[in-house]
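Written below as structure tokens is the structure these notes are about.
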Amino acid sequence: MGRWPAMDGRRWRCHDHAESGCHRCRGRWKLTPHPALTPGGANGPGAPLAHFPAGDARGYRADGLCVYKGIPYSMPPTGQRRWQPPSPAPRWPGVREAVRSGPGCVQPARRAASIYASPLDETAEDCLYLDVWAPEGARKLPVVVWIHGGSLIWGAGSEGLHDGSNLARRGAVVVSINYRLGVFGYLAHPGLSAESPDGVSGNYGLLDQIAALQWVRRNIAAVGGDPDDVTVAGESAGALSVLCLMAAPAARGLFARAIAQSAYMISLPSLKDARNGHEAAETTGRGLAANLGAGNLEALRAMDAQALADAALRSGFTPTVTVDGYLVPDQLVDIFERGEHAGVPLIVGFNSGEIRSLPFLLPALPATAGAYEDEIRARYGDLAERFLAQYPCADIAESALACVRDALYGWTALKLANAQKAVAAPAFVYYFDHACPAAREAGLHGFHAGELPYLFGTADRMPPLWPAIPDSPTERALSRAIGDYWISFARDGVPTSSGWPDWPEHARTGAYMRFAGEPLVGTDLLPGMFALNDDVIARRRAAGDTPWNWNVGVAAPLPSRPPTRSVPTEIVCRTSTDPGGE
């Protein structure tokens, strides 16, 4: 796969080998200029000029594409604009040189051993930029807006893993965005709520995503995109963001289709009240300020951005979307269950080995089968026998991986697919169940985010420690199929791929697409999984004092000892230096 088209704009190179996409070593990697961006390259005379309503921008050509990078879609969220809704940027004067991606949001360092760790060229608090890939001569093409994952803490739209070049060459305009992360994107605080005319705070990262979609609607026709044919797509925290956009009234009309890859519809904190086992988001924010020794908002806004990002992570701050009654009116599951979400076609799915690369989500496991069964019976009561039938004691480790996967990702996918019936919109469900040889040898079959290099065709753009994908017919064919399904869905709402099976709509058939060595249509995905988890979560919702996230199996709360405080599913990401999750 090293011969797949390389990412436009910049190229990862290993310090020890003069090749891009090197997976023969685990040395340090760095950015080197793409030849198209050197003097006299494709950004010289004859470079494409886009007349965006936001301003003129000069990009570069690359193998049939016009590429524009580092486009600002909002004013910099710095100074007094830290923890304010995004402000529309004025039209820039002259011609903007759009050949470099803007900086990613300032963020703590990832753990170096993480397979997801990918060095970023630059980070800054001034981060609200997007990149655009458009086929030359594009006219009224579908638009895909990509929202990156990273636990709402890490990542950037410019990371090579989700470079949009190869997707765009399939016949779409692709946009990848940055948004505020961590404490900058998701801090709620009573002082910030008092500043707001709507009386709310937090959710700034979600507001950024809406602002980016508004920019796309106003500007994308300038490069041949159809503003009425926008698909919003994301993975992991990006997929959680997609669910929030589907639920947010403020995002209505900004997209026509949605793709949620490994989404997790966990319980969310409310802004002002303790509910569902979560303390109020404003209480959490006030506690963080106290931990940081900041007595007021002026002191918080005066803190150095990098120091603040690092200190917030060390303090255990858990950035998450907040139910504020305004942007996010209610718990996501309630909104979807009542059919109050955007009625747009949806691709939704998850991976067979989600937790294999997220082991921090697993609790300590009992040493014996008997102890495991005793724990489950004590915690699940009349649901225990169903739980043990679904996740038996014969292999406790595998059962633990499966039950956490299903509670977070599997239940979410099928809950969302079922909710589409209420809005008369189709849902197409997938199950990614593939591993290249290196992933299989590492025990990472179907791991979290493992589908991304296949979707984007970026096997030579992966993070340094990602299992290397060989350049083989099987891997190339699977990548072609997934990319075709996604882009055809963005084009007309029905995923198809020449030479591969038609993808049945889930509500009518109960079918799903299994991406193994090749696409295969299946029925009744993981029998019994959804019904069990739906019953467990329904009881927690009714009780109102227990969150639903990764606290399942032997980590499920004992009936006599409900938790007094809990946090969203990515808490371990946010209280450690970096477990490597998305």
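The values are calculated or read from the model by the stated rules, or taken from the named source; none is laboratory data. Small disclaimer: the values here were computed from a predicted structure and weren't measured. Every residue, glycine as well, gets a Cβ built from its backbone with ideal geometry; the counts of neighbours run over all protein chains shown. Surface areas here come from the heavy atoms of the whole protein model, side chains and all, with no ligands, DNA or RNA. Shrake-Rupley method; radii C 1.70, N 1.55, O 1.52, S 1.80 Å.
Read through the labelled values (i) 22, 58, 20, 1; (ii) 19, 42, 24, 12, 3, 0; (iii) 20, 47, 26, 7, 0 and report the label of the one computed as P(r) over Cα pairs in 20 Å bins from 0, in percent from the structure. Comparing each candidate, only (i) matches the computed number.
Run the dipole for segment 389-459 about the Cα centre, Lys and Arg Cβ at +1, Asp and Glu Cβ at -1, nothing else charged, and hand back the magnitude in debye, nearest 20. Spell out each step's value before the answer.
Details: 4 positive and 6 negative charges, 63 e Å.
So the dipole magnitude of segment 389-459 works out to roughly 300 debye.
In terms of the mean number of neighbouring beta-carbon atoms within 10 Å, the peptides 492-500, 167-175 order highest first as 167-175, 492-500. Take Phe447: with every protein chain present and a 1.4 Å probe, its accessible area is about 10 Å².
The aspartates and glutamates whose alpha-carbon is closer than 15 Å to the alpha-carbon of Lys415, local same-chain residues fewer than 8 away aside, are Asp334, Glu337, Glu340, Asp406, Glu505, Asp524, Asp534, Asp535. Counted residue by residue at 0.36 nm each, then reduced by the alpha carbon distance between them, the extension gain from Arg377 to Asp304 reaches 21.3 nm. A dipole drawn for the chain from +1 and -1 charges on Cβ atoms has a positive end, and of Thr78, Ala449, Cys436 the residue lying farthest that way is Thr78.
Excluding Gly493 itself, what net charge comes from residues whose Cβ is under 15 Å from its Cβ, given Lys and Arg +1 and Asp and Glu -1? Don't skip to the answer; put the middle values down first.
On the way: positive: Arg257, Arg491, Arg508; negative: Asp226, Asp228, Asp229, Asp484, Asp492, Asp502, Glu505.
With Lys, Arg at +1 and Asp, Glu at -1, the neighbours total -4.
Restricting segment 91-154 to trypsin sites (Lys or Arg not before Pro) that sit in a DSSP loop and have at most 13 other Cβ atoms within 10 Å of their own Cβ leaves Arg91, Arg111, Arg139, Lys140. Summary of the geometry: segment 389-445 and segment 54-122, compared by the centres of their Cα atoms, lie 34 Å apart. The modelled label-to-label distance between Arg111 and Arg539, using points 7 Å beyond Cα along the C-beta direction, is 3.2 nm.
Counting alpha carbon pairs within less than 8 Å and at least 6 residues apart, what relative contact order, in whole percent, applies to the chain?
Working: 1336 pairs, mean separation 99.3, N = 582.
Relative contact order here is 17 percent.
Here is the list for segment 224-308: trypsin sites (Lys or Arg not before Pro) lying in DSSP coil, each with at most 15 other C-beta atoms within 10 angstrom of its C-beta, are Arg252. Counting 0.36 nm for each residue step from Tyr326 to Asp63 and taking away their Cα separation leaves a gain of 90.2 nm.
Using a/c under 1.5 as the rounded threshold, could you call segment 373-511 rounded, prolate or oblate? The axes a ≥ b ≥ c are square roots of the C-alpha gyration tensor eigenvalues, and prolate needs a/b larger than b/c, oblate otherwise. The shape class here is oblate. Convex hull volume per residue, computed on the Cα atoms of segment 274-406, equals 205 Å³.
Which one of Met303, Phe255, Val323 has its Cα pushed farthest toward the positive end of the charge dipole of segment 242-378, where Lys and Arg give +1 and Asp and Glu give -1 at the Cβ? Of the candidates, Phe255 comes out farthest on the positive side. Protection proxy ranking for 304-310, 546-552, using the average of other Cβ atoms within 10 Å per residue and placing the highest first: 546-552, 304-310.
Quote the FRET efficiency, to the nearest 0.05, computed for Asp228 versus Ala194 with a Förster distance R0 of 35 Å and r equal to the Cβ-Cβ distance. Before the final figure, lay out the partial values.
Values: r = 39 Å, r/R0 = 1.11.
In this case the efficiency is close to 0.35.
Extending 7 Å from the Cα toward the beta-carbon at both Lys140 and Glu398 defines two label points whose distance is 5.3 nm.
Run the dipole for the chain about the Cα centre, Lys and Arg Cβ at +1, Asp and Glu Cβ at -1, nothing else charged, and hand back the magnitude in debye, nearest 20. The partial results should precede the final answer.
Values: 53 positive and 59 negative charges, 198 e Å.
The calculation lands at about 940 debye.
One decimal place: the segment Leu558-Ala250 gains 106.9 nm when fully extended, by the rule 0.36 nm per residue minus the C-alpha distance.
Summarising the label geometry, the points placed 7 Å from Cα in the beta-carbon direction at Ala438 and Glu122 lie 3.0 nm from one another. Accessible surface of Glu298, taken over heavy atoms with a 1.4 Å probe and every protein chain present, rounds to 150 Å².
Once you sort the root eigenvalues of the Cα gyration tensor of segment 243-352 as a ≥ b ≥ c, which label holds: rounded (a/c under 1.5), prolate (a/b larger than b/c) or oblate (the other case)? All intermediate terms of the calculation are to be shown ahead of the outcome.
Numbers: a/c = 2.19, a/b = 1.96, b/c = 1.12.
Prolate, since a/c reaches 1.5 and a/b exceeds b/c.
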